[in-house]
Every structure is written in structure tokens, then in C-alpha cells.
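Please read the structure below before turning to the comments.
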Amino acid sequence: MKTKTIEEIQEKYYLELEKIISEIKKNKAKLILLQFPDGLKPYATSVVDFLREKTKAEFLIWLGSCYGACDVPVGLEGIKPKIDLIIQFGHNELMPNY
């Protein structure tokens with residue numbers, strides 16, 4: 001599968017990347033955990049590359065489940081350096097980006 005560009009991904013999904021960049025900078029986050037639902041996981045590395053370029057932060061991609069806002073990863077307290085921010089992406093084919 002060919003890796004999609006951010007522009008190609010955002011033609012179909014509104015990921016609010018500018019809002020995410022703003023939150024990362026506002027919080028001075030250095031290590032961010034990104035959580036994607038299965039339908040968006042194929043685009044995770046493209047999103048990370050884009051966000052890393054815009055923020056200079058480092059990112060972890062959660063490969064476990066993501067069934068909604070209440071499905072927050074647990075057991076991450078021991079990770080060093082500490083995760084500064086968790087960003088969870090939603091997935092809804094009924095709300096594509098126009």
C-alpha cells in the first residue's frame with residue numbers, strides 16, 4: 001500500500017491537525033501518544049511525520065484498541081520520558097472532510 005500524504009488523507013477525513021499542533025505548542029509537550037481507531041491506523045505514520053515536522057516533538061503510536069473516548073490507554077505511568085499529552089483520533093465515515 002502506498003503511503004498517503006497528509007493532503008490526500010485530509011481530502012477524506014478532517015483530523016484537526018492545526019488544532020493538535022496548537023495544543024502541543026501550548027502545552028510545550030515533548031512526547032505525545034497518538035491513539036487511532038483501526039480505520040485510521042494505516043495513516044498513523046503520515047500523521048506523525050507531519051506533526052513532528054511542525055512541532056519538533058516526539059510521538060508514540062498506540063497500536064492497541066481504540067473504541068471511543070472512554071478507551072484510554074492504561075499502564076503508561078512507567079514510560080520514561082513521561083508522556084506529556086495523549087491525542088485520540090475519532091473515526092466516522094459519516095463525517096468526511098468536504
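The values are calculated or read from the model by the stated rules, or taken from the named source; none is laboratory data. Here the structure is a predicted model, which means the values were calculated and not measured. No Cβ is skipped: glycine too gets one built from the backbone with ideal geometry, and neighbour counts run over all protein chains shown.
Listing for the model above:
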| read-out | value |
| --- | --- |
| Enumeration of residues in the range 7-63 that are hydroxyl-bearing (S, T, Y) and either in a strand (DSSP E or B) or farther than 20 Å from P81 by Cβ (or both) | Y13, Y14, S22, Y43, T45, S46 |
| Only one of I32, I21, I9 that is β-branched (V, I, T) and modelled with pLDDT under 95 | I9 |
| Selection from the range 25-38 of residues that are surrounded by 14 or more Cβ atoms within 10 Å (Cβ to Cβ) and of a type outside the set (F, W, Y) | A29, K30, L31, I32, L33, L34, Q35, P37 |
| Filtered residue count, the range 5-37, keeping only those that are of a type in the set (D, E) and free of Cβ contacts under 8 Å to residues at least 40 places away in the same chain | 4 |
| Test for A69: is it within 15 Å of I6 (Cα to Cα), small (G, A, S) and modelled with pLDDT under 95 | no |
